[in-house]
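Structure record follows, encoded as structure tokens.
The values are calculated or read from the model by the stated rules, or taken from the named source; none is laboratory data. From a predicted model like this one, the values you see are computed outputs, not experimental measurements. Note that we place each Cβ from the backbone using ideal geometry, even for glycine, and neighbour counts take in every protein chain shown. The protein model used for the area step is the full one, side chains on, heavy atoms only, and it has no ligands, DNA or RNA in it. Shrake-Rupley method; radii C 1.70, N 1.55, O 1.52, S 1.80 Å.
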Amino acid sequence: MKVRHCQADGQLKDAALTQQGITQSLALAQFFSGIHLNKIISSPYKRAIQTIEPLAHAKQLKIKIDERLSERVLSRKPMDDWYEKLKLSFSDLHITYEGGESSQEAMNRIVEALYEQIEVEENHTLFVTHGNIMSLLLKHADSNIGFNEWEKLSNPDVYVLKHFSQDHLEIKRIWHNI
């Protein structure tokens, strides 16, 4: 399962959850109360960790940090037209901007983390990540997913990915804003 973090007060690595985000994290813990989990792996960003702490506490699971779940950096340089550049990066997966990473590079690292769990047969693993990188993982599973689907992601958001074969992942959105 893949979780996008709850509402945060910014995009920086140390941005914390807002009060609404804290409420959402508690709702997520309740949402997952009847779902079996073996492992929680999170982005190192503060908002991702805060999103999943109530669930980890309730399930008595440690949160493993994995840098590969970090948000994609579009550019290290501020861009006034970042929105248009992001949109373009969904159709041209290899385009890069100053100091940033291409969609393909970002997709490769999160897919690597996913298949690592599949290889060791770690079912019921929960990944906690961010909107852009999560949408790229979904795009790996379904090439029709793009910028429009990224725009429709909510904070938080939850998807299940089921692995059937090397070439087939099934995705299903299971979160409905509460």
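Residue pairs whose Cβ atoms lie under 7 Å apart, sitting 6 or more positions apart in sequence or on different chains, and linking a residue in region 75-97 that is at negative phi to a partner that is of a type in the set (Lys, Arg), are MET79/LYS85; TYR97/LYS85. Screening region 60-91 for residues that are surrounded by 14 or more Cβ atoms within 10 Å (Cβ to Cβ) and among the hydroxyl-bearing types (Ser, Thr, Tyr) and picking the one that is farthest from LYS152 (Cα to Cα) gives SER75. Taken over region 121-157, the criterion of being under 19 Å from ASN108 (Cβ atoms), in a loop (DSSP other than H, G, I, E, B) and either open to solvent by less than 50 Å² (accessible area, probe 1.4 Å) or β-branched (Val, Ile, Thr) (or both) is satisfied by HIS130, ILE145, GLY146.
ILE41 fulfils the conditions (1) under 19 Å from ASN148 (Cα atoms); (2) in a strand (DSSP E or B) except for a single criterion, (1). The C-beta contact set for region 27-52 (first residue farther than 15 Å from LEU17 by Cα, second residue among the β-branched types (Val, Ile, Thr) and modelled with pLDDT under 95, distance under 7 angstrom, 6+ apart or interchain) comprises ASN38/THR125; LYS39/THR125; ILE41/THR125.
Restricting attention to region 108-115, does a residue exist that is hydrophobic (A, V, I, L, M, F, W, C) and either out of contact with any helix residue (DSSP H, G or I) (no Cβ under 7 Å at 6 or more places or on another chain) or over 30 Å from LEU26 (Cβ atoms) (or both)? Give the steps one after another, and end with the answer.
Taking region 108-115 as the starting set, the residues that turn out to be hydrophobic (A, V, I, L, M, F, W, C) are 110-111, 113-114.
So of that shortlist, the ones also either out of contact with any helix residue (DSSP H, G or I) (no Cβ under 7 Å at 6 or more places or on another chain) or over 30 Å from LEU26 (Cβ atoms) (or both) come out as 111.
Yes: one or more hits.
Taken over region 73-100, the criterion of being touching a Leu at 6+ places or on another chain (Cβ under 7 Å) and not in a helix (DSSP H, G or I) is satisfied by LEU74, ILE95, TYR97, GLY100. Among residues of region 106-122 that are under 14 Å from ASN38 (Cβ atoms), those with a Cβ under 6 angstrom from a residue that is surrounded by 19 or more Cβ atoms within 10 Å (Cβ to Cβ) and at pLDDT below 95, sequence gap 6+ or separate chain, pair up as GLN117/THR125.
Has region 118-126 got any residue that is more than 20 Å from TYR159 (Cα to Cα) and at pLDDT 95 or above? No, the conditions are met nowhere in region 118-126.
Taking the numbered list (1) at pLDDT below 95; (2) more than 22 Å from LEU17 (Cβ to Cβ); (3) open to solvent by 30 Å² or more (accessible area, probe 1.4 Å) in turn, VAL111 passes all entries but (3). A single member of HIS176, HIS94 is under 28 Å from ALA16 (Cβ atoms) and exposed (fewer than 11 other Cβ atoms within 10 Å of the Cβ), and it is HIS176.
All conditions but one from (1) open to solvent by 80 Å² or more (accessible area, probe 1.4 Å); (2) of a type in the set (Gly, Ala, Ser); (3) under 16 Å from the mean Cα position of the chain (by Cα) apply to SER103; the one that does not is (1).
Checked against (1) touching a strand residue (DSSP E or B) at 6+ places or on another chain (Cβ under 7 Å); (2) open to solvent by 30 Å² or more (accessible area, probe 1.4 Å), CYS6 meets all criteria but (2).
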